[in-house]
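Structure record follows, encoded as structure tokens.
The values are calculated or read from the model by the stated rules, or taken from the named source; none is laboratory data. This is a predicted model, so every value here is computed, not measured. Here the Cβ positions follow ideal geometry from the backbone for every residue, glycine too, while neighbour counts run over all protein chains shown. Remember, those area values only see protein heavy atoms, side chains included, never the ligands or the DNA or RNA. Shrake-Rupley method; radii C 1.70, N 1.55, O 1.52, S 1.80 Å.
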Amino acid sequence: MKRIYMALIALLTFTAVAKAEVEIQEVTSPGGITAWLVEEHSIPFTSLEIRFKGGTNLDADGKRGAVNLMSGLLEEGAADMDARQYAAAVEGLAASFGFSARSDALAISAQFLSENRGAAMELLRAALVEPRFDQTAIDRVRAQVISGIQGDLKDPDDIAGRRFSELAYAGHPYATSRSGTLDSVAELTREDLIAAKAATIARDRLFVAAVGDITPDELGALLDGLLGDLPAVGANMPKRADYQLTGGVTVIPFDTPQSVVIFGHEGIERHDDDFFVAYLMNTILGGSGRQSRLMEEVREKRGLTYGVYSYLQPMDYAELYMGSVASANDRVAEAIDVIRAEWIKMAEDGVTAEELDGAKTYLTGAYPLRFDGNGPIANIMVGMQITGLPVDYIATRNDKINAVTLGDITRVAKRFVRPDDLRFVVVGQPEGLKPAN
Amino acid sequence: MRILSLVILALTLMTRPILAQDISNYTLENGLEVLVIEDHRAPVVVQMVWYRAGAADEARGVSGVAHFLEHLLFKATDDLESGEFSDTVAANGGSDNAFTSKDYTGYYQRIAADRLELVMTMEADRMRDLRLSVDDIATERDVILEERNMRTENDPSALFSEQRNAAQYMNHPYGIPIIGWKHEMEKLSLEDALAFYRRYYAPNNAILVVAGDVLPADVLALAKKHYGPLAPTVDLPKRSRTLEPPHLAERRLAYADPRVSQPYVIRTYLAPERNSGAQKQAAVLTMLSELLGGNGQTSVLGRKLQFEQQKAIYTSAFYSGMSLDQTTFGLVMVPSEGVDLAEGEALLDTAVAEFIEEGVDAEQFARIKMQLRASLIYERDDVQALANMYGAALTSGLTVKDVQDWPEILKDVTADEVIEAAAMLLDKKQAVTGWLTKPDAVAEVSQ
């Protein structure tokens, strides 16, 4: 059965002349797999986005990095094709498949021409259902992953992010790198990869969105052929992660001219009633895309950095309110002081009516501009599904933004902006900055 | 904005026939080129203004000034306060940014299609009417120094690239980093920025690209209204950079940095670029780079070094013909654990020599041509990328026709032409070979 939703996005507040029209159809295949579809027949190709909820959180104990390595091997040989034969077949169809292991989900992105859709989907099916995990391929991809981990160990951004996570979520998968450690990856076996696939790639955690030159019936048949043979059930989902970090400054000495800083504290759940309020507030404080208070104070007025940002980071099992800045070793202490002062100012005074109006106009106007191309629209739709948002969300989202009041911001800023809880993790050789707990 | 009414610029225009579906181009009397790319799927428009002035057009001693000026263009004009440009775009739900390359500087806004006139008014205003203060200079210079810290000083691979590039171009300004040498950036002045601005930021040195849900006639009318009155730079110099002398000696360099985790060898060769009406050689080199190292699993270097010999964890060949002057063709080899850079480089050389000996694999060649055909379908989904492609081409000495001819020229490249061109990879006099290592790499290798 197909249900058709019409989502009209009113573009801009006062004139509302332009509207982006995205007609989302909810398709259920004969075999019972559901997907969201936007038909767009003007260009003869389709973008397909597939998510398996769980991701690298489902690494078994002692097998950190298994899901990541497994996802890197899906296109390295499948069915009767070895890695090179498989890659040549994909290349010959001019299709492209991307596999990425994220903390909360395994993401698969595909783009393929209408003229050889069937053959392209055969290949993607082989990767998902019949990957070979040949030992030579495992060893080759493992060497690439290990080289990447070694690079992360000397990258100031990665060092900072990893330390923050370790301190925040000890004992939970969020505490450690998705790629695993040099030791854990070195010890992964073929059996571990087969187990990682069984844990993550199953129909009980599947979300699909398609945009392009394909009809609902064609998509239904495609879904059954592509995903129908997957196992019904995967591993149990992880528990919530308890936030364990307190306010303070952590310094990790690293010989480099510019200190890199990650900062933050606990955030707000995606489904909290105040999420949109917090989202608007952060847009004003440190959001990207428009001139935020942090950019104004740290960059424009003082020239202390090229970029400073803050962002809400709601995850499936925890939530953070994070930010980042990078500043020369002899100036980073001042940058941190300014950020802290802005955090205090927001917590105590909230925002002005002018700031709130500006942020609303920006966010409501920018939203329809995201729907620009098959791939981006498919990404938005699969993201909505995995987040648990209804199909009419697109039509109501700007109303939720517009409904936020100054009072809401004041209340939420007091609740979620906590200067005393801010932890700064600094990688570099910062001058005049002492570690503090 | 001051209207330059004293300069009599009748709004007549030279209309050229539409060269391909959905693309229209015109030239205003003051020299501004206007290109319109239609895409009516969403009510969105991208406005871009591209100046034929990039880092390679800077005077000696003020490296980084093109990029510095790009930052300063977001400061005050006679009509706008500092920061007001971007604030206005954001307040209308749009986004804006800018970029500087060796041959061009570009500014763009992405916004609801009915707001095109608003961003056009502001973009036309800052083409001629910037009002910079000494305070702007001091603060923004700190910002670009922090940008250099972030992009280059904190990244050994970027520092290495800068050193290699300086060795590649012995006399041409492409050897100077776009962001600038740090010691010169620290001294950039208001006068340096304004000199570059006054000379190069003018309608007769710019290309307006408007892409999205617009009609060419409407765009043209708006362009005439807002850009038409702007005065051209009358003594605009012809773009000609100092040229390379003959390269007689192979150049080799090694950069060691404790922040390096993965050593690699990379070699670049001086190579011809795409030229208007003469893109054949560049097309052949494009196909050569695809065959040699375009895809890690199916390319020649990937097959030989990563799969058959298992001596590399990554290989690549790269080439971009989009350049006003001579560009480079590059090869990369990231050796596997236990393979040192000397061995890695020797294996790379052997693989290239074998390729020339063995010739082009017909099936691989056919697959790459299929990719080429498909890319013309996929690219229609991203109108901003198309706008970028045309903007870069028109500021790199090419025409709309050259861009439209390019796929066919690529398609006609033969296997014999590729092998013939590959012979240049055997002449290391044109090349710079670089090793990026950890400081103790030599000791590690000998253990």
_So, A:PHE133, is that one more than 10 Å from chain B (Cβ to nearest Cβ), over 27 Å from B:ALA312 (Cβ atoms) and surrounded by 19 or more Cβ atoms within 10 Å (Cβ to Cβ) or not?_
no
*What about B:PHE99, is it under 30 Å from B:ALA256 (Cβ atoms) and under 21 Å from the mean Cα position of the chain (by Cα)?*
no
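Determine, yes or no, whether B:ILE419 is in contact with a Gly (Cβ under 8 Å, 6 or more places away or on another chain) and β-branched (Val, Ile, Thr).
yes
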_So for region A:211-233 (the condition being more than 30 Å from A:PHE164 (Cα to Cα) and within 21 Å of the chain's Cα centre (by Cα)), does at least one residue qualify?_
yes
*asked:* Residues that are closer than 21 Å to A:ASP408 by Cα and open to solvent by 50 Å² or more (accessible area, probe 1.4 Å): does region A:365-381 have at least one?
replied: no
_Within region A:203-307, considering only strands (runs of 3 or more DSSP E) that don't extend past its boundaries, which have at least 3 residues that are charged (D, E, K, R) and modelled with pLDDT under 95?_
none
*Within region A:51-60, can one find any residue that is touching a strand residue (DSSP E or B) at 6+ places or on another chain (Cβ under 9 Å), open to solvent by 30 Å² or more (accessible area, probe 1.4 Å) and farther than 24 Å from B:LEU291 by Cβ?*
yes
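For (1) more than 14 Å from chain A (Cβ to nearest Cβ); (2) in contact with a Gly (Cβ under 6 Å, 6 or more places away or on another chain); (3) open to solvent by less than 10 Å² (accessible area, probe 1.4 Å); (4) more than 30 Å from A:ALA143 (Cα to Cα), each residue gets a yes or a no:
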site: B:ALA346; (1), (2), (3), (4): yes, no, no, no
site: B:GLN371; (1), (2), (3), (4): no, no, no, no
site: B:ARG380; (1), (2), (3), (4): no, no, no, yes
site: B:LYS429; (1), (2), (3), (4): yes, no, no, yes
site: B:GLY434; (1), (2), (3), (4): yes, no, yes, no
site: B:LYS438; (1), (2), (3), (4): no, no, no, no
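Can you name every residue in region B:37-58 that is part of a strand (DSSP E or B) and open to solvent by less than 30 Å² (accessible area, probe 1.4 Å)? Even if it seems obvious, please write down each step before you answer.
Initially, region B:37-58 is screened for residues part of a strand (DSSP E or B), giving B:37-38, B:44-51.
Hits for region B:37-58 are B:ILE37, B:VAL44, B:VAL45, B:VAL46, B:GLN47, B:MET48, B:VAL49, B:TRP50, B:TYR51.
Anything in region A:318-342 that is more than 14 Å from chain B (Cβ to nearest Cβ) and either open to solvent by 30 Å² or more (accessible area, probe 1.4 Å) or touching a Gly at 6+ places or on another chain (Cβ under 9 Å) (or both)? List them, or say none. It would help to see each step written out before you state the result.
Narrowing region A:318-342 to residues more than 14 Å from chain B (Cβ to nearest Cβ): A:318-323, A:333, A:336-337, A:339-342.
Listed by number, the residues that qualify are A:ALA318, A:GLU319, A:LEU320, A:TYR321, A:MET322, A:GLY323, A:ALA333, A:ASP337, A:ILE339, A:ARG340, A:ALA341, A:GLU342.
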*Applying the selection to region A:27-48, what residues are away from every other protein chain (no Cβ under 14 Å) and not in a loop (DSSP other than H, G, I, E, B)?*
A:VAL27, A:THR28, A:THR34, A:ALA35, A:TRP36, A:LEU37
_What's the number of the only condition in (1) surrounded by fewer than 19 Cβ atoms within 10 Å (Cβ to Cβ); (2) under 24 Å from the mean Cα position of the chain (by Cα); (3) in contact (Cβ under 8 Å) with a residue 12 or more places away in the chain; (4) part of a loop (DSSP other than H, G, I, E, B) that A:ARG178 fails to meet?_
(1)
*asked:* Condition first: touching a strand residue (DSSP E or B) at 6+ places or on another chain (Cβ under 7 Å), farther than 17 Å from A:THR46 by Cα and either open to solvent by 60 Å² or more (accessible area, probe 1.4 Å) or in a helix (DSSP H, G or I) (or both). Now tell me which residues in region B:382-396 satisfy that.
replied: B:GLN384, B:LEU386, B:ALA387, B:TYR390, B:GLY391, B:LEU394
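Please find, within region B:59-98, the residue that is nearest to A:SER292 (Cα to Cα) out of those that are among the hydrophobic types (A, V, I, L, M, F, W, C) and part of a loop (DSSP other than H, G, I, E, B).
Pass one, region B:59-98, residues among the hydrophobic types (A, V, I, L, M, F, W, C): B:59, B:62, B:65-66, B:68-69, B:72-74, B:76, B:80, B:85, B:89-91, B:98.
Cutting the leftovers down to part of a loop (DSSP other than H, G, I, E, B) gives us B:59, B:62, B:73-74, B:76, B:80.
On the way: B:ALA59: 35, B:VAL62: 31, B:LEU73: 19, B:PHE74: 15, B:ALA76: 18, B:LEU80: 19 Å.
Checking each candidate, the answer is B:PHE74.
Condition test on A:GLY358, is it within 30 Å of A:SER109 (Cβ to Cβ) and within 14 Å of chain B (Cβ to nearest Cβ)?
Numbers: within 30 Å of A:SER109 (Cβ to Cβ): no; within 14 Å of chain B (Cβ to nearest Cβ): yes.
When the stated conditions are applied, A:GLY358 does not pass them.
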*For A:GLY98, are the conditions met, namely being without any contact (Cβ under 8 Å) to a residue 60 or more places away in the chain, surrounded by fewer than 20 Cβ atoms within 10 Å (Cβ to Cβ) and assigned to a strand (DSSP E or B)?*
yes
*Which residue out of A:ALA359, A:ALA366, A:ALA378 is modelled with pLDDT of 95 or more and among the aliphatic types (A, V, I, L, M)?*
A:ALA378
*Those residues that are assigned to a helix (DSSP H, G or I), more than 11 Å from chain B (Cβ to nearest Cβ) and either open to solvent by less than 20 Å² (accessible area, probe 1.4 Å) or farther than 30 Å from B:ALA362 by Cα (or both), I need them from region A:61-92; list them, please.*
A:ALA66, A:VAL67, A:ASN68, A:LEU69, A:MET70, A:SER71, A:LEU73
*Considering each residue of region B:62-74, count those that are open to solvent by 20 Å² or more (accessible area, probe 1.4 Å) and within 14 Å of another protein chain (Cβ to nearest Cβ), and give that number.*
1
